[in-house]
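*Asks:* Below are the structure tokens for one structure; questions will follow.
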């Protein structure tokens, strides 16, 4: 696991992005109407949005528990909920959500979940997560052209870029699972080429890491062949998980007294933002998420003031509240495990 100092750099960078994002969004905006609108939002809608966020996190916990059980590891659901919150916290503060699963593996290991099982399970969670996102993006492009026609060119660019990156990512994952040796041969050849043109220096170390990854994907392939039912069930749960979070924006839309747009339209618009920003190297899609929301939701919300209010509530519920809550749970988990390890004479 990375040293705390390295994560502190991520947090500082995230805070800088937050400050820059809000400065750019509101530098020419009169905040009084926005504050007035925010003050009139019924609390019940905010609570419903927060409940959807909890469903989003706990859905992943159910998936982790289900898959761990399938590989013969018994873990309490409460512990799986903690793993999910830990994963979401580190995903929120690291570029492309790269820090989430390594952190989960560390904490799972400290509670006697063996690393190979944890790695396979979290790998499958990632594949299912990406699959649902790609499925949603492709469905939107194929069947939602009536929605996409209203997109500004900039928003369409981010959508198609994000979809392309996700398709490439899931394609590579599927190749690694079903054709690991072929992928190892291709990647080794690429490493040799990069070594010759002096793009990389320590080829051997990189190849070793690739071989370890291929070995993990081979194990995932074996799991898939033996546990199709588990994959189908957890993929369906992943659909519920993802759309629980997408639905937050519709709840916010209704909280502002609006009702002209349909549930499906609002949910798909929010899904398009997730597709667009998921693979971008920014923690939580910070800056780009707000930018795309600004571009596509003004016609839906009616005015800039109402749109900005909706964006603040939507991001506040789906990202910032999750960041704060998961941060608190991660800190509590770290202190608890550190205390236990100190008593046993070990270390995290």
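The values are calculated or read from the model by the stated rules, or taken from the named source; none is laboratory data. None of the values given here were measured: they were computed from a predicted structure. All Cβ positions, even for glycine, are placed from backbone atoms using ideal geometry, and neighbour counts span all protein chains on display.
*Asks:* Does segment 137-174 hold any residues that are more than 22 Å from the chain's Cα centre (by Cα) and either in a helix (DSSP H, G or I) or in contact (Cβ under 8 Å) with a residue 24 or more places away in the chain (or both), and which are they?
*Replies:* Answer for segment 137-174, where residues must be more than 22 Å from the chain's Cα centre (by Cα) and either in a helix (DSSP H, G or I) or in contact (Cβ under 8 Å) with a residue 24 or more places away in the chain (or both): 142, 143, 144, 145, 146, 147, 148, 150, 151, 152, 153, 154.
*Asks:* Counting only residues that are under 25 Å from the mean Cα position of the chain (by Cα) and over 17 Å from residue 282 (Cα atoms), how many does segment 24-47 have?
*Replies:* Number satisfying all stated conditions: 4.
*Asks:* Okay, next question. Is it the case that residue 41 is in a loop (DSSP other than H, G, I, E, B) and either touching a residue at least 24 places away in the same chain (Cβ under 8 Å) or at negative phi (or both)?
*Replies:* Numbers: in a loop (DSSP other than H, G, I, E, B): yes; either touching a residue at least 24 places away in the same chain (Cβ under 8 Å) or at negative phi (or both): yes.
Criteria met by residue 41.
*Asks:* Any residue in segment 256-275 that's at positive phi: show its pairings with residues that are part of a loop (DSSP other than H, G, I, E, B) and surrounded by fewer than 16 Cβ atoms within 10 Å (Cβ to Cβ) at Cβ separation under 9 Å, as long as the two are six or more apart or on different chains.
*Replies:* From residues that are at positive phi, the pairs are 257/40.
So that you can scan it fast, the table gives a plain yes or no per residue for (1) part of a helix (DSSP H, G or I); (2) surrounded by fewer than 22 Cβ atoms within 10 Å (Cβ to Cβ); (3) at pLDDT 90 or above; (4) touching a strand residue (DSSP E or B) at 6+ places or on another chain (Cβ under 8 Å):
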| site | (1), (2), (3), (4) |
| --- | --- |
| 233 | yes, yes, yes, no |
| 257 | no, yes, yes, no |
| 270 | yes, no, yes, no |
| 297 | yes, no, yes, no |
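*Asks:* Contact list please: Cβ distance under 9 Å, first residue in segment 312-339 and at positive phi and assigned to a helix (DSSP H, G or I), second residue at pLDDT 90 or above and surrounded by 18 or more Cβ atoms within 10 Å (Cβ to Cβ), pairs at least six apart or on different chains.
*Replies:* none
*Asks:* Next question. Please work out which residue is modelled with the highest pLDDT, limiting yourself to segment 312-333 and to residues that are crowded, with 17+ Cβ neighbours inside 10 Å and more than 27 Å from residue 23 (Cα to Cα).
*Replies:* That would be 329.
*Asks:* Suppose we filter 78, 124 for residues that are at pLDDT 85 or above, within 13 Å of residue 63 (Cβ to Cβ) and either buried (at least 19 other Cβ atoms within 10 Å of the Cβ) or more than 15 Å from the chain's Cα centre (by Cα) (or both); which single one remains?
*Replies:* 124
*Asks:* Please verify whether residue 43 is buried (at least 18 other Cβ atoms within 10 Å of the Cβ) and at pLDDT 90 or above, treating the condition exactly as stated.
*Replies:* no
*Asks:* Within the bounds of segment 196-215, is there any residue that is within 28 Å of residue 57 (Cβ to Cβ) and either at pLDDT below 70 or not in a helix (DSSP H, G or I) (or both)?
*Replies:* Looking through segment 196-215, at least one residue is within 28 Å of residue 57 (Cβ to Cβ) and either at pLDDT below 70 or not in a helix (DSSP H, G or I) (or both).
*Asks:* Restricting attention to segment 64-80, does a residue exist that is under 20 Å from residue 318 (Cβ atoms), assigned to a helix (DSSP H, G or I) and touching a residue at least 60 places away in the same chain (Cβ under 8 Å)?
*Replies:* no
*Asks:* For segment 281-295, which residues satisfy the criterion of being part of a helix (DSSP H, G or I) and either farther than 14 Å from residue 20 by Cα or out of contact with any helix residue (DSSP H, G or I) (no Cβ under 7 Å at 6 or more places or on another chain) (or both)? Write out each step before concluding.
*Replies:* So in segment 281-295, the residues part of a helix (DSSP H, G or I) come out as 283-285, 288-295.
Hits for segment 281-295 are 284, 291, 292, 293, 294, 295.
*Asks:* Here's another thing I want to ask about it. Residue 18: touching a helix residue (DSSP H, G or I) at 6+ places or on another chain (Cβ under 7 Å) and assigned to a helix (DSSP H, G or I), yes or no?
*Replies:* For residue 18, the condition - touching a helix residue (DSSP H, G or I) at 6+ places or on another chain (Cβ under 7 Å) and assigned to a helix (DSSP H, G or I) - is not met.
*Asks:* Related question: When you go through (1) within 20 Å of the chain's Cα centre (by Cα); (2) assigned to a helix (DSSP H, G or I) one by one for residue 225, which number turns out not to apply?
*Replies:* Unmet condition: (1).
*Asks:* Turning to a different aspect of this structure: For segment 51-64, indicate whether the set of residues that are at pLDDT below 90 and surrounded by fewer than 16 Cβ atoms within 10 Å (Cβ to Cβ) is non-empty. Walk me through how you get there before you give the answer.
*Replies:* As a first pass, look at segment 51-64 and keep what is at pLDDT below 90: none.
Checking segment 51-64: not a single residue is at pLDDT below 90 and surrounded by fewer than 16 Cβ atoms within 10 Å (Cβ to Cβ).
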